[in-house]
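Peer 1: Next up is a structure, given as structure tokens.
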Amino acid sequence: MRRLLSQMRLSYGQKLFLLATVPLILAVAAISVLVASQSRQLAEREIRALENQLIEAKKAELKNYLSIARTAFVNIYGRAAPDDDRAKLAVTQILSSMLYGQDGYFFVFDYEGNNLVSPRQTYLIGKNWRGMTDLHGTPITDELIKIARSGGGYHSFDWTKPSSRETARMVTYTIGLQDWRWVVGTGIFIDDVLDTVAMARAEVEARVQRTSFYILAITVAALLLVFLSGMVITVRERRLADAKLKALTQRVFDAQEEERGRVARELHDGISQLLVGVRYALDTARRRFASGDERAPEMLDKGIDHLSGAIQEVRRISRDLRPGVLDDLGLGPALKALTEDFSARTGIETRFETVVFRNRLDQEAKIALYRIAQEALTNIERHANATEVSVDVRGHKRGATLRIADNGQGLPLDRKGNATKGGLGLRNMQERVEQLDGTLRLFTSRSGTVIVAEVPLTYMLTPQEDGPDKRRKASA
């Protein structure tokens, strides 16, 4: 499982690509769904309007047909009595002969449900069809009788087409001959209207699919553009990162060589000369002891003094490389010892001030501030020609601040009065502070230089962390 999770870890470039593409894909998906939904709704409203318009035209046509038929038998019906069989026969004959179109005809039912006229479907004549329904359960005869009793109206149901024997949707218009208790009506099939509506819906769906395809194509093109742009940026950033890494590696090598050179000079100029003096004194003392010279103890004492000096020099070099007081007592005492040793070695008047930290610095911040102070004092000794130096370190609500000021000649200035780019020491200080997410500010003029290093509050341990186990490690 761990191996699978490790294989699933994404690189920085992959995370950046996902960060750019996932919102784009989600936005495009939402737009596609919204466009498709809105298009379908708008098209459906238009299709329904078209369907209603066509059906209303069919209904108006039915009404005209029935009006023509009524005109043909109205005189006979108007003069006949309710039980005039001859008049009824004449009317049925007139209606049976009135055929129109391929499937158009008139039908007649009495109020008991008996079919009296059905010229295109004669098998219905003479039979009672009360309770008849279509394939979907829609009542036919009973509903037609009900509509005729109420004066007339439209009814829609599925019916068999006489010409093709296929079932199709039919719209009928019926009226009632109340004296004879007859239902007279005609119908027209609207399968052509339904086919037109279905074709319109299919065309709308095809347009929606084409639009979705276009959106998908645009999305893929955009993703490819993002991917190619990301590849270009990644390659460019990788080249810049490689260049920066090479420069950083070279600076590390330069720092190592500089430190090695400093240690070598310390050993050569200090310890080496002291040990040569010790050897010379011991050699002289040995010869004087051999010759019985009474001055032999004097040279032996001088050799011991030289050896003590060498021991002190070794301790000083060791302290510069890694001061034990920084781990044992904290940043304040370590900086105080550093400034006192600097003042004693260089003769420059040095003042050190500190305020007791409310919280304690962690180990990383202590080392960084100590090295910044050490580098700053080294630069002052070598380049500043200063006579006074002040070092101040304190904690506050924003974190911790180290301030080092001198009255030397300052850094070289350009034509605009700004400090020119410093050497390796200043770059090292800047990088140490940036590693802590802090800031390093440099103020320089002809009357001196001030360096202010600040580390954020995140590197100050909370009182809960300041227990007995961490007192030695986190003291400041």
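The values are calculated or read from the model by the stated rules, or taken from the named source; none is laboratory data. Bear in mind that the values here come from a model prediction, so they are computed numbers and not experimental data. Here the Cβ positions follow ideal geometry from the backbone for every residue, glycine too, while neighbour counts run over all protein chains shown. For accessibility, only protein heavy atoms count, side chains too; no ligands or nucleic acids. Shrake-Rupley method; radii C 1.70, N 1.55, O 1.52, S 1.80 Å.
Peer 1: Can you list residues from other chains, or at least 5 along the same chain, whose modelled amide H is less than 5 Å from the amide H of residue 388?
Peer 2: HN-HN under 5 Å from residue 388: 407.
Peer 1: Compute the length gained on full extension between residue 178 and residue 158: take 0.36 nm times their separation in residues and subtract their Cα-Cα distance, giving the result in nm to one decimal. Write out the running numbers ahead of the final one.
Peer 2: Values: separation 20, 0.36 × 20 = 7.20 nm, distance 2.69 nm.
Result for the pair: 4.5 nm of gain on full extension.
Peer 1: Treating cross-link reach as a plain straight distance, find the aspartates and glutamates whose alpha-carbon is under 12 Å from the alpha-carbon of residue 15, omitting any fewer than eight places away in the same chain.
Peer 2: The reachable aspartates and glutamates, counting only those whose Cα sits under 12 Å from residue 15, number zero.
Peer 1: Can you tell me the 0 to 90 degree angle between the C-alpha axis of helix 296-321 and the longest principal axis of the chain, rounded to 10?
Peer 2: 10
Peer 1: In addition: In straight Cα distance, which aspartates and glutamates are under 12 Å from residue 336, not counting same-chain residues fewer than 8 positions off?
Peer 2: The qualifying aspartates and glutamates are 353, 392.
Peer 1: Continuing with this model, one more query. Given that just one value was derived from the coordinates, which of (i) 63; (ii) 28; (iii) 23 is percent of Cα pairs over 39 Å apart?
Peer 2: Computing percent of Cα pairs over 39 Å apart and matching it to (i) 63; (ii) 28; (iii) 23 gives (i).
Peer 1: At residue 218 and residue 86, where each label point lies 7 Å from the Cα along Cα→Cβ, what is the point-to-point distance in nanometres?
Peer 2: So the label points at residue 218 and residue 86 sit 8.1 nm apart.
Peer 1: Rounded to the nearest 10 degrees, what's the angle between the helix 12-79 long axis and the longest principal axis of the chain, both from Cα atoms, 0 to 90?
Peer 2: Helix 12-79 sits roughly 10 degrees off the main axis of the chain.
Peer 1: For a Förster distance of 22 Å, can you work out the FRET efficiency between the beta-carbons of residue 53 and residue 168, rounded to the nearest 0.05? Could you put the intermediate results ahead of the total?
Peer 2: Details: r = 20 Å, r/R0 = 0.89.
E between residue 53 and residue 168, to the nearest 0.05, is 0.65.
Peer 1: Take the solvent-accessible surface of the protein heavy atoms, probe 1.4 Å, and return the percent of it on the chain that carbon and sulfur atoms account for. Intermediate values should be presented prior to the final figure.
Peer 2: Values: 16320 of 29240 Å².
The value for the chain is 56 percent carbon and sulfur by accessible area.
Peer 1: Here is a further query. Over 22 Å between Cα atoms: which of 59/127; 59/88; 59/161; 58/161; 127/161 fall into that group?
Peer 2: On the way: 59/127 28 Å; 59/88 27 Å; 59/161 18 Å; 58/161 16 Å; 127/161 19 Å.
Flagged as over cut-off: 59/127; 59/88.
Peer 1: Hey, rough spin-label estimate for residue 353 and residue 45, points 7 angstrom out along Cα→Cβ, what's it come to in nanometres?
Peer 2: With each label placed 7 Å out from Cα toward Cβ, I get 7.8 nm.
Peer 1: What is the helix-to-structure angle for 363-379, meaning the angle in degrees between its Cα long axis and the longest Cα principal axis of the chain, kept from 0 to 90 and rounded to the nearest 10?
Peer 2: Tilt relative to the chain: about 50 degrees.
Peer 1: Provide the per-residue ³J(HN,Hα) series for the range 142-151, in order, calculated from phi with Karplus coefficients 6.51, -1.76, 1.60 and θ = phi - 60°, each as a whole number of Hz, with x at glycine and proline positions.
Peer 2: So the Karplus estimates, Gly and Pro as x, are 4, 5, 5, 5, 4, 5, 5, 4, 7, x Hz.
Peer 1: Tell me the net charge near residue 161. Cut-off is 14 Å between Cβ atoms, residue 161 excluded, with +1 for each Lys or Arg and -1 for each Asp or Glu.
Peer 2: Numbers: positive: 120, 165, 169; negative: 103, 134, 158, 166, 191, 192, 195.
My count for the surroundings of residue 161 gives -4.
Peer 1: Under a plain spin-label model, where a point goes 7 Å from the Cα along Cα-to-Cβ, how far apart in nm are residue 437 and residue 247?
Peer 2: 2.5
Peer 1: Sticking with this structure for a sec: Using the Cα centre of the chain as origin and beta-carbon charges of +1 (Lys, Arg) and -1 (Asp, Glu), tell me which of 347, 383, 300 is placed farthest towards the positive end of the dipole.
Peer 2: 300
Peer 1: Starting from the Cα-Cα distance between residue 134 and residue 199, subtract it from 0.36 nm times their residue separation and give me the gain in nm to one decimal. Please report the intermediate quantities before stating the final value.
Peer 2: On the way: separation 65, 0.36 × 65 = 23.40 nm, distance 2.52 nm.
Using 0.36 nm per residue and subtracting the Cα-Cα distance, I get 20.9 nm.
Peer 1: What does the net charge come to around residue 41 if you take all other residues with beta carbon closer than 14 Å to its beta carbon, with K and R at +1 and D and E at -1?
Peer 2: Numbers: positive: 40, 45, 48, 201, 207; negative: 44, 46, 205.
Net of charged neighbours comes to +2.
Peer 1: Search the structure for amide H atoms under 5 Å from the amide H of residue 105, placed 1.01 Å from N in the peptide plane, and list their residues when 5 or more places away or on another chain.
Peer 2: Answer set, sorted by chain and number: 100, 187.
Peer 1: Excluding ligands and nucleic acids, what accessible area in Å² is computed for residue 56 using a 1.4 Å probe, to the nearest 10?
Peer 2: 100
Peer 1: Whole number in Å², please: accessible area per residue of the chain, 1.4 Å probe, ligands, DNA and RNA not counted. Write out the running numbers ahead of the final one.
Peer 2: Details: 29240 Å² over 476 residues.
Per-residue value: 61 Å².
Peer 1: Related question: Using the Kirkwood formula on the Cα atoms of the range 75-140, what hydrodynamic radius do you get, in angstrom to one decimal?
Peer 2: Working: mean 1/r = 0.0753 Å⁻¹.
Kirkwood hydrodynamic radius for the range 75-140: 13.3 Å.
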